[in-house]
Structures are given as C-alpha cells and as structure tokens.
Amino acid sequence: MDTPADIATAAVALKAGGLVILPTETVYGLAADAGNAHAVAKVYEAKGRPAFNPLIAHVADVAAARRLAVFDDRAEELAAAFWPGPLTLVLPVADTAAVCDLARAGLDTVAVRSPAHPVAHALLAAFGGPLVAPSANSSGRPSPTTFADAMAETGSAAAATLDGGPCQIGLESTVVALLDRPRLLRPGAVTRSQIEALVGPLAEAEADAKRSPGRLARHYAPNLPLRLNVEDPRADEVWLGFGRHGGAGFNLSADGDLAEAAANLFAYLRAADLSLGAAGIAVAPIPDTGLGEAINDRLRRAAGFVG
C-alpha cells in the first residue's frame, strides 16, 4: 500500500497538471485536476478517448459534491445511502470552473462520485479538489483492475502512480441521472433494485445517455471477437465460463457468484485476449438479475452491441 509520501508526491503532480494512476474500489483510474482543461486534455490523449464522452468528477465527500452540482432530495438520499462507494450521480452543474467544460463534454450537467478506496480518498484529501479519473485503459479496451494492467495501458502517461492492490469490485460505477425522472445510464455494483427502493422506478436511459461515460456501442473490448450466451464454444475460442458452464479456459465464478464474476471480468477478458492461436472468446450465459445486469452490459458493449 502506498505511503503518505507517495500520496503527497501524487498530489503535487496533479497540481502541476500531471496525470496519476489511481486505484479505486471499482477499477484503476487515470486521474487529473478536473478544473484544469490542459490536464484533462492529456487524459483524453493518453486514452485516445472521444472528447464527447464526459468524465466523472471524483470528490472526497458529499459536501465537496454539493459545491460542484445542484443536489435535490433524491440526490441527497442516494448519496447518504451509497457514498462513499460505486455510485455516480449526474446532476445540473453548479460550478463550471471546478469541473471544466472539456471534462463535462460541453454539457450543462456534471457526473460526481465519492469513491470508497482509502488511497483514492487520501489523494482527494491531499489534493483538495475534484479529480477526473476515467478508467486507466486505452479507450474501448477492458478496464484495468490491477496496478500492472493500469501501468501497461496508460502508465507511460502518468507523472506519478499509486498501487492500491487489486480492485475489490472490478466494474465501473453505476451511473444515475437525476435531471427529471431518474434514469439508469450505466448499471454497476449499486443495482437497479437498490436505487429504485429509494427514488422509485428508473426511466429508460436514452434521453440522457450522452451524459454518461461508457455508453459507446463498442467499449471495454478485447482485440479478439466476442460471442455471448454460448453453451458450447468452438475449438478455436477461449472459454469464459460461469457456474456450471466450466470446462477449459477461464471461469468467472465456478460457484455462480455474480460479485466474483464482476471482479474477475476485465482481468479474464484481458487474459483470454492473450491466448495464443485463439480466433475468438466465447462467454457462457450470465443471469441478467442484480449485478448480472452490469456484467451483461459490459459484455454487450465489448461485443459491439449497445444493448
């Protein structure tokens, strides 16, 4: 685990406009000062990320989030229930300087989250402001859930790096827009049913889809083509099993545990992608309930389907 000196060095790098490899409980991020358009541009450049895809502003706590975004009762309730943690709220922007126009993709909204990882929290406290920290991968590639994978993807662009060990959750945060009716823009570890228990039914995402990261049709993608809901893989395919769908290759969770499958998803996609002589990757059916909704969302995008 990183030391206070490592955290201080990273904070100095951020204040100078540099990028930092940052662990969170979801995936590793490539962090920059959210208010520094030049630093944010470096993130887009390092990732090869389309500028129309907005970034999430990471904050230390709810008080910091209220300075960036206009909170209503629904936002207060969700933040109280799930922060710090893997939930992002899309809200009307309150401070357009603190999260620059480039980070918001020119929108009048801002996506905010308070991460739970102790290293991320320590860096946010040391830096003293919001940080954008999209996944530390080349745009469209599987997100890194280990320090080694983050370094392999975008480490060369970072002025400082922080190693927080393997990510606990392994999927990017749930994204909910609270602009008129609540909308689930991206499923994640905070599930649809958990959110609906507090704010009521969630509307379809399409009306606000542009306001969320991770909404490109082909996203989180390995180099090999991906087939989903496969019962019997072909001989030239690497097998990603689930539960009873075992066999040669990789099993996201032999016990059929969706949390374990989510934590393994991107690492196993990466490992399968490196298999010699393989023509593709075949993925067993994953239940589409609870956390399975988020896993299937990532798999559909990796396969090239909006879903």
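The values are calculated or read from the model by the stated rules, or taken from the named source; none is laboratory data. None of these values were measured; they are calculated from a predicted model. When we count neighbours, we look across all protein chains shown, and the Cβ atoms used for this are built from the backbone with ideal geometry, even at glycine.
Across the stretch 153-195, the qualifying residues are those that are small (Gly, Ala, Ser) and within 19 Å of Ala11 (Cα to Cα), and the one among them that is surrounded by the fewest Cβ atoms within 10 Å (Cβ to Cβ) is Ser156.
What are the residues in the stretch 177-186 that are under 13 Å from the mean Cα position of the chain (by Cα) and over 21 Å from Leu30 (Cα atoms), if any? Before the answer, list the steps.
Of the stretch 177-186, the ones under 13 Å from the mean Cα position of the chain (by Cα) are 185-186.
Across the stretch 177-186, the qualifying residue is only Leu185.
This table checks each residue for (1) hydrophobic (A, V, I, L, M, F, W, C); (2) under 21 Å from Ser114 (Cα atoms); (3) outside any loop (DSSP other than H, G, I, E, B).
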position	(1), (2), (3)
Thr9	no, no, yes
Ile21	yes, yes, yes
Glu25	no, yes, no
Ala31	yes, yes, yes
His38	no, no, yes
Ala46	yes, no, yes
Glu76	no, yes, yes
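Among residues of the stretch 285-307 that are in the same structural domain as Gly241 (by TED's automatic domain parsing), those with a Cβ under 6 angstrom from a residue that is β-branched (Val, Ile, Thr) and assigned to a loop (DSSP other than H, G, I, E, B), sequence gap 6+ or separate chain, pair up as Gly290/Thr191; Gly292/Ile286; Ile295/Ile286; Asn296/Ile286. Checking Val90, Val27, Val99, Val70 one by one, the residue that is surrounded by fewer than 17 Cβ atoms within 10 Å (Cβ to Cβ), modelled with pLDDT of 95 or more and of a type in the set (Val, Ile, Thr) is Val70 and no other. Within the stretch 78-90, the set of residues being of a type outside the set (Phe, Trp, Tyr), in contact with a strand residue (DSSP E or B) (Cβ under 8 Å, 6 or more places away or on another chain) and not in a strand (DSSP E or B) comprises Leu78, Ala79, Pro86. Residue selection: Thr26 satisfies the criterion of being under 15 Å from Ser173 (Cα atoms) and in the same structural domain as Thr146 (by TED's automatic domain parsing).
Mind telling me which of the residues Pro115, Pro92 ends up being touching a His at 6+ places or on another chain (Cβ under 6 Å) and either assigned by TED's automatic domain parsing to the domain that holds Ser173 or more than 11 Å from His58 (Cα to Cα) (or both)?
Pro115
Take Ala148 and tell me if it is surrounded by fewer than 23 Cβ atoms within 10 Å (Cβ to Cβ), without any contact (Cβ under 8 Å) to a residue 24 or more places away in the chain and not hydroxyl-bearing (Ser, Thr, Tyr). So Ala148 passes the test.
Yes or no, residue by residue, for (1) touching a helix residue (DSSP H, G or I) at 6+ places or on another chain (Cβ under 6 Å); (2) modelled with pLDDT under 90:
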residue: Arg218; (1), (2): no, yes
residue: Ala221; (1), (2): yes, yes
residue: Leu224; (1), (2): yes, no
residue: Val230; (1), (2): no, no
residue: Glu237; (1), (2): no, no
residue: Arg244; (1), (2): no, yes
residue: Asn264; (1), (2): no, yes
residue: Ala272; (1), (2): no, no
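Against the test of being modelled with pLDDT of 95 or more, assigned to a loop (DSSP other than H, G, I, E, B) and surrounded by fewer than 23 Cβ atoms within 10 Å (Cβ to Cβ), the options Gly129, Gly140 yield a single qualifying residue, Gly129.
Scanning the stretch 52-69 for residues that are aliphatic (A, V, I, L, M) and without any contact (Cβ under 8 Å) to a residue 60 or more places away in the chain yields Val62, Ala63, Ala65, Ala69.
Can you confirm whether Ala65 is buried (at least 19 other Cβ atoms within 10 Å of the Cβ), of a type outside the set (Val, Ile, Thr) and touching a strand residue (DSSP E or B) at 6+ places or on another chain (Cβ under 9 Å)? For Ala65, the condition - buried (at least 19 other Cβ atoms within 10 Å of the Cβ), of a type outside the set (Val, Ile, Thr) and touching a strand residue (DSSP E or B) at 6+ places or on another chain (Cβ under 9 Å) - is met.
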